[in-house]
Amino acid sequence: MTEYLLVPLAVLPFPEIDPVLISIGPLAIHWYGLGYVIGILFAWWYGKRLLANERLWLPGGAPMRPDDLDDFIVWAAAGVVLGGRIGYILFYDFARYIENPLAILAVWEGGMSFHGGFLGTTLAMILFARSRGVGVWRLFDVVSAGVPVGLGLVRVANFVNSELWGRPTDVPWAFIFPNGGPEPRHPSQLYEALLEGLVLFIVLRLFTHRFGALASPGLVSGAFVTGYGLSRIIVEFFREPDAHIGYLFSGWLTMGMVLSLPMVLVGLWAMMTARRAAAA
């Protein structure tokens, strides 16, 4: 039997970008961490812009003052970092951290789960909204509208770090990753950056500025959760599963798919509930 090797028409050279942006003595600023910081700051700034635009909230008006988000940014940062780290430990590499508990603190080495960060931030939003007497779904909508930018930046940082690369392929835009073996692979991190970042942000922008979705609590956040879940499931078909987990059950299902499917269902439920409430 003849064996066919993956020989793409062209293999793009992997860019030589140092994962460390700046290093001052023992202090090192990584592109990965910078992506999280810029993402949180952008969502804060963008949320304030949405709250300041009363036209987007008609007929009920904005649920809070823009300054209210100044206090929430600390809650959001804690939810993202703690939730993302705990989620990665529980969902992806629990055995390793049980054997070496001190490694849990080494966040600079990577190891963050979006699904864990999503749950952590959701909890932070619920607690903050209740403490301020703000509708939970209203806060969900304000925050989620700007989140895709941070998601896109973090995925680009994953590419720079040569991690979470894709499956072997012969497409012309394949890369040979420094730690991904000799085979050309899908740049699945960039696929995620495009879908979860740019495309999802544009879709949510249309919801908020063209379709008046902020007047229906839960519609924007439902669209975000649905859009992320679908984007992640699509990219999982091109992404190499984590080596210590591999494929689940049928040989094609991945942990990312398993964790994203409930998000799609919850997002669709939130959108339908918001539309029914608006029509009532």
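Okay, here's what the table says:
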{"item": "Rounded Å value of the spacing that divides the Cα centres of segment 122-149 and segment 16-30", "result": "33"}
{"item": "Peptide ranges 274-280, 209-215, 92-98 listed from the most packed, as the mean C-beta count within 10 angstrom indicates", "result": "209-215, 92-98, 274-280"}
{"item": "Table column - 3J(HN,Hα) (Hz), segment 38-44, Karplus curve with 6.51, -1.76, 1.60, x for Gly and Pro", "result": "5, x, 5, 5, 5, 4, 5"}
{"item": "Built amide H within the under 5 Å cut-off of residue 185, gap 5+", "result": "169, 175, 176, 177"}
{"item": "Å³ per residue enclosed by the Cα convex hull of the chain", "result": "164"}
{"item": "17 Å reach of a label modelled at residue 163, 7 Å along Cα-to-Cβ, counting backbone N of segment 248-280", "result": "256"}
{"item": "Square roots of five times the Cα gyration tensor eigenvalues for segment 64-134, Å", "result": "29, 11, 8"}
{"item": "Linear extension gain, residue 194 paired with residue 53, 0.36 nm per residue minus alpha-carbon span", "result": "48.0 nm"}
{"item": "Accessible area of the chain belonging to carbon and sulfur atoms, whole % at 1.4 Å probe", "result": "70"}
{"item": "Contour minus Cα-Cα distance for residue 119 and residue 269 (0.36 nm per residue)", "result": "52.3 nm"}
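The values are calculated or read from the model by the stated rules, or taken from the named source; none is laboratory data. Bear in mind the structure is a predicted one, so any value in this text is a computation, not a measurement. Ideal geometry is used to build each Cβ from the backbone, glycine not excepted, and the neighbour counts take in all protein chains shown. Surface accessibility is based on the protein's heavy atoms, side chains included, excluding ligands, DNA and RNA. Shrake-Rupley method; radii C 1.70, N 1.55, O 1.52, S 1.80 Å.
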